[in-house]
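Bear in mind these aren't lab numbers, they're just calculated from the coordinates by the rules spelled out. Just so you know, these numbers come straight off a predicted model, no measurement behind them. Here Cβ is always computed from backbone atoms with ideal geometry, including for glycine, and neighbour counts include all displayed protein chains.
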Amino acid sequence: MTTAAIEVRGLHKSYAGRKVVDGVSFEVGEGEVFGILGPNGAGKTTAVECVEGLRTPDEGLVRVCGYDPAVRRAEVTRVLGVQLQESELQAKLTVREALDLYASFHERPADPHALAERLGLLPHLKVRFAKLSGGQKQRLFIALALIGDPRVVVLDELTTGLDPRARREVWSLVEAVRDSGVTVLLVTHFMEEAQRLCDRIAVLDRGRIAALDTPEGLIRSSGGAKEISFAAGVPVDPAELRALPGAVSVTTADGRTVVGGTDETVTAFVSLLARHGVTAHQLRVTDATLDDAYLDLTGDDHR
Amino acid sequence: MSTPTATVLKTEARLFGREPGSLFWVMLSPTLLLVVLGLIPSFREASEDLGGRRVIDLYVPVAVLFALIMSGLQAMPPVLSGYRERGILRRMSTTPVRPGTLLTAQLALHAAAALVSALLVVAVGRLAFGVALPGNPAGYLIALLLAVASGLALGATVCAVSRTQKIATAVGSAVFFPAMFTAGVWVPVQAMPDTLQRIVGLTPFGAASEALDTAASGGWPGWAALGVMALWTGVLTGASVRWFRWQ
């Protein structure tokens, strides 16, 4: 009936009368990397825990490969691999023992050795969990999420607390997971991570989906894909800037004027300068990032 | 491919072996206690106050119970609550294997460790100090198994009512001292005044002490003592299952 890897419709979850997830719906297609982005306390983890079967929704429908996680535990744990936020392993368990232990939980596990090789864990097989670095721990958690050879993996705050280098390493691993055909549900509060890895992103704010689109789509719909900025004081009427094709915003702050728009806006801006015979000092044209879109979408009180 | 349960048990046994503290307190310290007491000359002499028995004779069952208490109340609760606190149980519940498997493995291991330690105490008591082996082996074994069960059920309850590992360690210690007293570590139950003996006999370790002592001297451990232990095991198991939180 459904081909979606994950289907969530009208999900509601409250704790002690406080609505944490308030009517969330989304679908993740097979092979897609789907991001859930939002500030702390937006309900990201709770929503995902309903997908993982760790929590039962108050209301709404959740399906993983067609199975209800709250009811069909056996089927869901077979197709879904999970990396949990803030979850550890036994301190004195070695990497090899962890891989073998979790492999034994599955009927048809992936080869632990091959997986360790893929995730760069071979040099650390005899190292105890407590002695691993943050990046190594996360690589092990990705390995454990993949060890059941799942069709879908959930990665929750995968790179929180990692240094930039380890973060980039983990991102390449996620890309490799996607390339192997596994559907990925990625929970994050890092824009750069979402922008780089995700095919589509749901921005969650106070328990609701504030926007759902591709990263480019999100950027376009809020501030434009390109940002033109230059030292204020160029003798051009702001109204003319606003009238540029594709321009969505014109602001002046800290001595710089910023125009948000598209490639078309940039071309038109250049010809506008030529027409007036003026020079824009400290002119910069940059790609807008998800940050701008995100700040627009999530509430003021989070800034 | 081995079964998940076997792999969990094997893995947890290895981890148990990597805890020198637990190994010492559960497996060795009870025997050490017996040896230290046995080195005191007067404890090896028959005493009229004890009906012609020696202090060391009374301390064999006490050291056996000490092993059970160390295992159930000192070693196990921090492990179980730590597994919960650090999300190990949660992670497991996202796999096809239920996290209860891990708890069961831990209970089995601590039971085994307590039993091995108890056997070591009995063996050393016999070889080093000539303490007679239990006169009623079957009765002794039944009493011992019930005592292990009630000790672990008590430890599991400590875990169930404690939200964090720190609290579990604290509650475990709070229960530890009354347990040691009722097991007769300071004053053997048989040397306690009658009224106190009767009250202590209603506690799991007091009843265990009574049952082990009777079986050691060749009698059948009274149904009353065995019944008290069985009742505690049942009630405490029910309580821990009822109140245990998985996260």
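Are there any pairs with C-beta distances below 8 angstrom linking a residue in region B:8-19 that is at the interface with another protein chain (Cβ under 8 Å from one of its Cβ atoms) to a residue that is acidic (Asp, Glu), with the two at least 6 apart or on different chains, and if so which?
B:Thr11/A:Glu97; B:Thr11/A:Asp100; B:Arg14/A:Glu97
So which residues in region B:77-102 are touching a Leu at 6+ places or on another chain (Cβ under 7 Å) and touching a residue at least 40 places away in the same chain (Cβ under 8 Å), if there are any at all?
Hits for region B:77-102 are B:Leu80, B:Gly87, B:Leu89, B:Arg90, B:Ser93, B:Pro99, B:Leu102.
Can you tell me which residue within region B:103-127, out of those that are touching a residue at least 40 places away in the same chain (Cβ under 8 Å) and small (Gly, Ala, Ser), is farthest from B:Cys159 (Cα to Cα)?
B:Gly125
Residues of region B:43-66 being touching a helix residue (DSSP H, G or I) at 6+ places or on another chain (Cβ under 8 Å) and more than 16 Å from B:Asp213 (Cβ to Cβ), which ones?
Passing the criteria: B:Phe43, B:Arg44.
Any residue in region B:26-33 that is within 30 Å of B:Arg98 (Cβ to Cβ) and either away from chain A (no Cβ under 14 Å) or free of Cβ contacts under 8 Å to residues at least 12 places away in the same chain (or both)?
yes
Checking A:Pro123 against (1) over 24 Å from A:Val182 (Cβ atoms); (2) in a helix (DSSP H, G or I); (3) within 13 Å of another protein chain (Cβ to nearest Cβ), which single condition isn't satisfied?
(3)
For region B:53-110, list the helices (runs of 4 or more DSSP H) that sit wholly inside it and hold at least 3 residues that are within 12 Å of chain A (Cβ to nearest Cβ); which are they?
B:76-85, B:88-92
For the condition charged (D, E, K, R), touching a Leu at 6+ places or on another chain (Cβ under 8 Å) and surrounded by 15 or more Cβ atoms within 10 Å (Cβ to Cβ), what is the one hit in A:Glu52, A:Glu75, A:Glu59, A:Glu27?
Result: A:Glu52 is the single residue among A:Glu52, A:Glu75, A:Glu59, A:Glu27 that is charged (D, E, K, R), touching a Leu at 6+ places or on another chain (Cβ under 8 Å) and surrounded by 15 or more Cβ atoms within 10 Å (Cβ to Cβ).
So, restricting to strands (runs of 3 or more DSSP E) that lie completely within region A:13-64, which ones have at least 2 residues that are more than 28 Å from B:Arg98 (Cα to Cα)?
Qualifying strands (runs of 3 or more DSSP E): A:18-28, A:33-37.
Would you be able to say whether some residue in region A:60-69 is within 11 Å of chain B (Cβ to nearest Cβ) and either among the charged types (D, E, K, R) or more than 23 Å from A:Thr45 (Cβ to Cβ) (or both)?
The answer is no, given that none of the residues of region A:60-69 is within 11 Å of chain B (Cβ to nearest Cβ) and either among the charged types (D, E, K, R) or more than 23 Å from A:Thr45 (Cβ to Cβ) (or both).
Got a sec? Which of A:Arg165, A:Arg178 is in a helix (DSSP H, G or I) and either more than 26 Å from the chain's Cα centre (by Cα) or surrounded by fewer than 17 Cβ atoms within 10 Å (Cβ to Cβ) (or both)?
Every option except A:Arg165 fails the conditions.
Being out of contact with any Asp or Glu (no Cβ under 7 Å at 6 or more places or on another chain) and at the interface with chain B (Cβ under 9 Å from one of its Cβ atoms): is that true of A:Glu86 here?
When the stated conditions are applied, A:Glu86 passes them.
Only residues that are touching a Pro at 6+ places or on another chain (Cβ under 7 Å), hydrophobic (A, V, I, L, M, F, W, C) and outside any helix (DSSP H, G or I): list them for region A:181-220, please.
The answer is A:Val182, A:Cys198, A:Ile201.
Can you say whether A:Ala116 is facing chain B (nearest Cβ under 9 Å) and either closer than 30 Å to A:Ser25 by Cα or in contact with a helix residue (DSSP H, G or I) (Cβ under 9 Å, 6 or more places away or on another chain) (or both), as far as the supplied structure shows?
no
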